[in-house]
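The values are calculated or read from the model by the stated rules, or taken from the named source; none is laboratory data. Quantities reported herein were computed from a predicted structural model and do not represent experimental measurements. Glycine also receives a Cβ, built like all others from the backbone with ideal geometry; neighbour counts cover every protein chain displayed.
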Amino acid sequence: MPRSPLADAFGLPTRMDELYRQALSGSGGSLTALATSLFIAPDEFVRQLEPLLALDIVRIEDDTLSVASPVDAMSRYVAGQAVTVAEVGAQLNRLAAALPVLAELGGDTPELDSTAIDGELSTDVNVPRILVSWIGESPGDLCFLRPDQWRLPSESEMALAVDTAVRAGRRVRAIYPARALQEAPAMLLGRAAIGEQIRMLPEVPTRMAIVGATRAMLPEPLGVGNQRRILIRQQSIVQVLTAWFDQLWDSATAVAMLDRGEARPDLRRLLLAQLARGAKDEQIARTLNISLRTVRRRIAALMTELGVDTRFQAGVEAVRRGWL
């Protein structure tokens, strides 16, 4: 059963769409009166509205019900997400300030004192061997940022480790850049086939691996073109990195699998996300690895489908429909 626009936009159960419409019909009036008309006890009605109250889509003052329109609801949601992102950004800044301490830790240090961060900086790292060992030693889910790893000779070894983790009932999530759909579709299909959950972003800023709640690996400096690795076993730092990954995951786009076995991204959402950022056509073409003509054709088709005349109107209508 297809999910409703409200459920798609806010990650709510499908039943919340009907409840939202019922609440919207009584906006500005008495909550008690609306609950009575729906044959629901007021306390029970408030309990059912809790997910919408938590997202600030519904507000209750005294007995007055105030319900945001779809566009206002999205505005409030985006504002709330911005605050969350800012909080995660502040955590990452604190993490960045702490990371230099890792560079001072020697790999042969026999024992860390009580004030040291548990981890080390190494230039001699067999990444697949370490990750396979971590996956075998540590319980918990796996999270990967994979901007280019399909080009590396260790791809098959890591796919086998992921397959083992999935078979053991562990959740594996990975975020790839949009260009992977053109450069490595077979790899994506293989990863999806073994149970890896895949989402796409226009760009992925760095390589990263998180294993469970206590292991993480990052390049130093962040990015893809270097051999130095920070191996982190400090739980609080891993939690910050996981929070950052979750933020990226929530803003990424899922990949649908066609019956004939092809990976098809939701290019419509990726394109709208780029337009929402104010990206120019040329930049969108480079990011999504498609031609400028294709970008302009898709934008024109989107505007026709949405029934709008401007890109700004396309963004507003896309939010209203739950496409963003």
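Applying a threshold of 7 Å to beta carbon distances and a minimum spacing of six or more residues, or different chains, the list of pairs starting in the range 297-314 at a residue that is within 21 Å of Val71 (Cβ to Cβ) and ending at one that is of a type outside the set (Asp, Glu) and in a loop (DSSP other than H, G, I, E, B) reads Ala314/Val308. Can you name every residue in the range 146-164 that is farther than 19 Å from Gly195 by Cβ and acidic (Asp, Glu)? Scanning the range 146-164 gives a single hit, Asp148.
Scanning the range 120-144 for residues that are assigned to a strand (DSSP E or B) and at positive phi gives no hits. One residue stands out among those in the range 165-182 that are out of contact with any strand residue (DSSP E or B) (no Cβ under 6 Å at 6 or more places or on another chain) and in a helix (DSSP H, G or I): the one that is farthest from Ala193 (Cα to Cα), which is Gln182. Inspection of the range 185-194 finds a residue satisfying the criterion of being among the β-branched types (Val, Ile, Thr), within 23 Å of Leu248 (Cβ to Cβ) and assigned by TED's automatic domain parsing to the domain that holds Leu248.
Out of all the residues in the range 200-209, is one or more in contact (Cβ under 8 Å) with a residue 40 or more places away in the chain, outside any loop (DSSP other than H, G, I, E, B) and not hydrophobic (A, V, I, L, M, F, W, C)? Within the range 200-209, not a single residue is in contact (Cβ under 8 Å) with a residue 40 or more places away in the chain, outside any loop (DSSP other than H, G, I, E, B) and not hydrophobic (A, V, I, L, M, F, W, C). Scanning the range 29-41 for residues that are modelled with pLDDT under 90, assigned to a helix (DSSP H, G or I) and not aliphatic (A, V, I, L, M) gives Thr36, Ser37. Summed over the range 311-324, residues that are out of contact with any helix residue (DSSP H, G or I) (no Cβ under 7 Å at 6 or more places or on another chain) and either basic (Lys, Arg) or modelled with pLDDT of 80 or more (or both) total 0.
For the range 153-175, which positions are surrounded by 14 or more Cβ atoms within 10 Å (Cβ to Cβ) and under 25 Å from Thr253 (Cβ atoms)? If the condition is that a residue be surrounded by 14 or more Cβ atoms within 10 Å (Cβ to Cβ) and under 25 Å from Thr253 (Cβ atoms), then Glu155, Met158, Ala159, Val162, Asp163, Ala165, Val166, Arg170, Val172, Arg173, Ala174, Ile175 are the ones that fit. Look at Pro147 and say whether it is in a loop (DSSP other than H, G, I, E, B), of a type outside the set (D, E, K, R), at pLDDT 85 or above and in the same structural domain as Pro221 (by TED's automatic domain parsing). When the stated conditions are applied, Pro147 passes them. Taking the range 37-60 as the range and being in contact with a strand residue (DSSP E or B) (Cβ under 9 Å, 6 or more places away or on another chain), β-branched (Val, Ile, Thr) and more than 16 Å from Pro13 (Cβ to Cβ) as the test, the residues that pass are Val46, Ile60.
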